[in-house]
Amino acid sequence: MMELYSKKVCEISEKSADTELDTGLSHLNKKEKEFLLLLLNENCYEFTPTEISKKLSVTNKTIINRSVNLVNTGFLIPNIVKERIRSYSLSEFAKDNKINIISKLTDNY
């Protein structure tokens, strides 16, 4: 009986995480999804906007703007130093669901 209950709890929690993931991804535009995919594929768990802007040949402001929506949807966490955001880190949610996020984003392209 306990095994049945534990399986049911696992199923419900997996569905909940999937729904949360789909909801978060639905709020991102194409460029933000590509940016998230790049971060996950290259294992950029912590980065500064300058580092990424050089890789992508875009401005720091572009990376900051893309990061803002990723923060709002829970995929990134800003690292604040003296009231300023100096870098960003992938959230635990993004790290834990890395494989699911990559598969959902690559299925869309």
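Some points to look at:
- With all pairs of different C-alpha atoms in the average, the Kirkwood value for the hydrodynamic radius of the stretch 52-109 is 12.7 Å.
- The stretch 44-87 versus the stretch 88-109: alpha-carbon centroid distance in Å: 16 Å
Any read-out appearing in this document is the output of simple, stated calculations on the displayed coordinates, not a laboratory observation. Fair warning: this is a prediction, and the values are worked out from it, not measured in the lab.
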